[in-house]
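In what follows, a single structure is set out as structure tokens and then discussed.
The values are calculated or read from the model by the stated rules, or taken from the named source; none is laboratory data. Keep in mind that what you see is a predicted model, and the values were worked out from it rather than measured. Using ideal geometry, Cβ is built from the backbone for each residue, glycine included, and neighbour counts are taken over all protein chains shown. Calculation scope for accessible area: heavy atoms of the full protein, side chains included, ligands and nucleic acids excluded. Shrake-Rupley method; radii C 1.70, N 1.55, O 1.52, S 1.80 Å.
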Amino acid sequence: MVMVNSMKKTREVQRLVAAHRQLEGGGFVVRRPFPTIGIQQVDPFLLLDELGPIDYPAGEAVGAPDHPHRGFETVTYVLEGENEHEDSAGHKGFIGAGDVQWMTAGKGVVHAEMPSRRMLEHGGRMHGFQIWVNLPKRDKLMEPRYQELPARGIPTATSADGLAKVKVIAGDALGVKAAIETRTPIAYHHWSLQPGAEVRIPLDATFNGLLYVFAGAVKVGDDSREVKDGTMAMLGLGDEVLIRADRPAELLLLAGVPLREPMARWGPFVMNEWKELEEAAEDFQAGRMGRIKRAS
Ligand code: FE
């Protein structure tokens, strides 16, 4: 008798990590599940920061003034508020509520990520995410590039029962495919769940996967492990993720093929060898990553 195993294996929660609070840039607080002690990365992801939600009084909003990056990608997703961006290649962008900026730093850019002039003057609420995605060795010194998606350009889908909504920033979900092109296969979803929601999300078995809950709580896997607000769940192996919600919940699902390459990391540079970090620092110091040219 031939046994045909067509059963999908559900990914269970392998580890729960509570986000810690960390001061970044010009002095803003983020919730950061990783990197943290003992978790340098969740290959291929290098960092996950939740900025806010914070209500800035007039004149008090802060951002991250001119700084370099090399060897990876920074992905900014704004939920509330407005960010302005400019860089050493003369690129300027505005990232408003619901917008995504996927920046491939490649061989190096110097950029500034600041609240908009309007937010600086009048204050307002800021809430969003920045994740860092590692680049494979072959792409670390590629030409920098941007993919900018306005909120209306991000594919969304709703489950048949209407209880689960997803914005597909990378990868695919509920039959819709992201507009972003990634260097290695990545899934980046924002799920909004209503009480009673139950979703099964197929995820390639070769992907590392994690969830980060930033409102409410969900139950994950056949084990029904509870994952609460401000907590990352690192997922075990399998073909799909099962998520249920008893109350309203918001979460990010991040997954991707691990690069499994040597990593040398120092601040804004992520390379494969220490020697390459020294080169990055030298290139930055010597101005070879450029500088931001301002009229005033
Ligand atoms: Fe940056």
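Build a GNM of the chain with springs between Cα atoms under 10 Å apart, and of Pro262, Pro35, Pro195 the one that fluctuates most is Pro262.
Under a Gaussian network description of the chain, with springs only between Cα atoms under 10 Å, the residue in Ala97, Ala264, Ala179 that fluctuates furthest is Ala264.
Counting lysine pairs in the range 13-256 that sit 8 or more residues apart in sequence, or on different chains, and whose Cα atoms lie under 26 Å apart gives 14. About its Cα centre, the range 13-256 has a charge dipole of approximately 280 debye under the convention of +1 per Lys or Arg Cβ and -1 per Asp or Glu Cβ, with nothing else charged.
I want to verify a result. In a Gaussian network model of the chain, Cα cutoff 10 Å, which of these has the top mean-square fluctuation: Lys107, Lys275, Lys219? It is Lys275. Each 10 Å bin, from zero up to the one with the longest distance, holds this percent of the alpha carbon pairs of the range 1-146: 11, 35, 31, 14, 5, 3, 1, 0. The share of accessible area on the range 13-256 that comes from carbon and sulfur is 50 percent, using a 1.4 angstrom probe. In the range 93-143, Rg over Rh equals 1.06, where Rg is the alpha-carbon radius of gyration and Rh the Kirkwood radius from pairwise Cα distances. Diffusion coefficient (Stokes-Einstein, Kirkwood radius over C-alpha pairs, 20 °C, 1.002 mPa s) for the chain: 108 µm²/s, rounded to a whole number.
The residues of the chain present an accessible area of 47 Å² per residue when probed at 1.4 Å with all protein chains retained.
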